[in-house]
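This report concerns only the one structure given below.
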Amino acid sequence: MASVAVAQPVPASKSTALKKSITVITTADKTSNRLSKTATVPFTSGDTPLETKFAVFVDPVRKFQSFTGMGGALTDASAETFFKLSPAKQKEFLAAYFDKNKGLAYTLTRTHINSCDFSSGSYTYVKDNDASLSSFDIAPDRKYKIPFIKKATEAAGGKLDLYVSPWSPPAWMKTNNSMLKGGKLLPQYNQSWANYYVKFIRAYEKEGIPIWGLSVQNEPLATQTWESCIYTAEEERDFIKNFLGPTLHKAGMKNKKLIAWDHNRDMLYYRASTVLNDPEAAKYVWGIGYHWYETWTGAEMNFNNLKLVHEAFPDKTLIFTEGCLEKFDYSKLQDWSYGELYGKSILNDFNSGTGAWTDWNILLDEKGGPNHVGNFCFAPIHADTRTGELIYTPAYYYIGHFSKYIKPNAKRIACSSSRSQLQSTAFMNPDGKIVVVVLNATDDKIDYQLWQEGASANLSSLPRSITTLIY
């Protein structure tokens, strides 16, 4: 969607907000509030806010990008951990993420083609040197991952958008003859590898799992100790326009959302411009995916790179495709700052033009795995397989302040905070309800006013909190 605001004049004397009350949902450190309804506050008419006061201004007249959805990754690791839980805990877990009333209402998910680091070992779906792909079989996925995806879809009400990403082609297709440690796709296998995506999509859809979209390559500039494959910007561009794009269209899959880049914010504009400035490549691309690694702390988050891509290519969707906290430490599962990192990232990603957002593993065990190369990480929910208990981290609740209340096809609307201590974003849902998210990462309670069309409401933001306001 284009980022040009659409204005419809509203008479200054008639504020629709005056007729509304705000439902306040709060999660706050050092309290029992976790996605808790904490107040219902009316709007009243008021004078212009004072310069010395904290205020959040909402202007529903000005609309920006559409919201596609939010969710997380359904990996081998998540699936294997899930099936170690008791039936009762499995049911609890599925509701926690996918139930539209009790849970986070996830609508968008990701999984991997072939193995990734969060698998118990490396695998592909074909025999060595089978360029025709006649041996293609998704048997490795049938034990855990496919049943897991089906259960998640059922818990979501029967519909769950799923996109897929490869970490590496089979070893014999690559310059280093390994799925691990980078290497490149050999030119003679460009077409076979493009066919591989189609084979995978058809195999999953035969299993009753529709595929919503796909990315070209996970982290195409990272030589990892796990499954990885390198593409320069020009190589990705040419693979899209000469092989993957035409192959998808020829297979009747032009409706699949094709995502380029799928790597960090730091190189986002360079990669996007290289691919999208070529009309023959751009015509196949739905969106540009990105991660937060390398740029996930403090001022290093590079949100301006997102804004530039959104402004330069407003017809393409920005999608956050992966992020997690690395270097797992069990003692830090309840570290509040980790939740705040999610809140800051999601809020600013949306304000920078992002239309879709997916976390990494939705479930990991008490070690931050399983992971076949020891790359253990955090997830919003962990399962302690020793006790059978589920551990909900602050990140789970921070994500929920967005995913639970902002609905697919919502429009971001103008929202401005008068002081940097309060960060905010706002959306209008398809039913006309407005959702405002306010983040307070300070140690202070902050009283503020929410303003819309000449009406105001008096609110308070607790220390180290995130609040969702619905009206």
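Annotations for the structure displayed:
- Estimated [θ] at 222 nm from DSSP helical runs (n ≥ 4, -39500 (n - 2.57)) normalised by residues in the chain, nearest 500: -7000 deg cm²/dmol
- Taking Cα centre as origin and charging only the Cβ of basic (Lys, Arg, +1) and acidic (Asp, Glu, -1) residues, the dipole magnitude of the stretch 256-330 rounds to 280 debye.
- Placing +1 on each Lys and Arg Cβ and -1 on each Asp and Glu Cβ, with no other charges, gives the chain a dipole about its Cα centre of roughly 1340 debye.
- Between the residues N255, A356, V309, the greatest Cα displacement towards the positive end of the dipole of the stretch 211-366, with unit charges on the Cβ of Lys, Arg, Asp and Glu, is found for N255.
- Of the trypsin sites (Lys or Arg not before Pro) found in the stretch 305-371, those in coil by DSSP whose Cβ has at most 12 other Cβ atoms within 10 Å are K327.
- Electrostatic tally near P147: other residues with Cβ closer than 13 Å to its Cβ, Lys and Arg +1, Asp and Glu -1, net 0.
- Sparsely packed GluC sites (Glu not before Pro) within the stretch 188-236, loop by DSSP, other Cβ within 10 Å at most 15: E207
- Residue (of Y293, M173, L244) at the positive-pole extreme of the chain, dipole from beta-carbon charges: L244
- Against the main long axis of the alpha-carbon atoms of the chain, helix 190-206 sits at an angle near 70°.
- Estimated D of the stretch 173-254 in µm² per second, where Rh is the Kirkwood radius over Cα pairs and Stokes-Einstein applies at 4 °C, 1.567 mPa s: 96 µm²/s
- Taking Cα centre as origin and charging only the Cβ of basic (Lys, Arg, +1) and acidic (Asp, Glu, -1) residues, the dipole magnitude of the stretch 361-471 rounds to 300 debye.
- A protection proxy built from the mean count of other Cβ atoms within 10 Å ranks the segments 194-200, 433-439, 416-422, most packed first, as 433-439, 194-200, 416-422.
- Folded to 0 to 90 degrees: helix 394-403 orientation relative to the chain principal axis, Cα: 80 degrees
- Among the GluC sites (Glu not before Pro) found in the stretch 11-120, those both in a DSSP coil and sparsely packed, with 14 or fewer other Cβ atoms within 10 Å of their Cβ, are E51.
- Options A383, W451, S420, ranked by Cα towards positive dipole end of the stretch 314-464, top entry (Cβ charges): W451
- With a Cα cut-off of under 23 Å and a minimum spacing of 8 residues unless on different chains, the lysine pairs in the stretch 159-207 number 5.
- Quotient of the Cα radius of gyration of the stretch 59-210 and 2.2 N^0.38 Å, N being its number of residues: 1.20.
- Principal-axis tilt of helix 87-98 within the chain, Cα atoms, nearest 10 degrees: 70 degrees
- Residues of type lysines that K53 reaches as a straight line, Cα spacing below 18 Å, ignoring anything fewer than 8 places off in the same chain: K445
- Summary value for the chain: 23 percent relative contact order, contacts being C-alpha pairs under 8 angstrom separated by 6+ residues.
Every number in this text was worked out from the coordinates using simple rules, so none of it is lab data. Small disclaimer: the values here were computed from a predicted structure and weren't measured. Note that each Cβ is placed from the backbone with ideal geometry, even for glycine, and that neighbours are counted across all protein chains shown.
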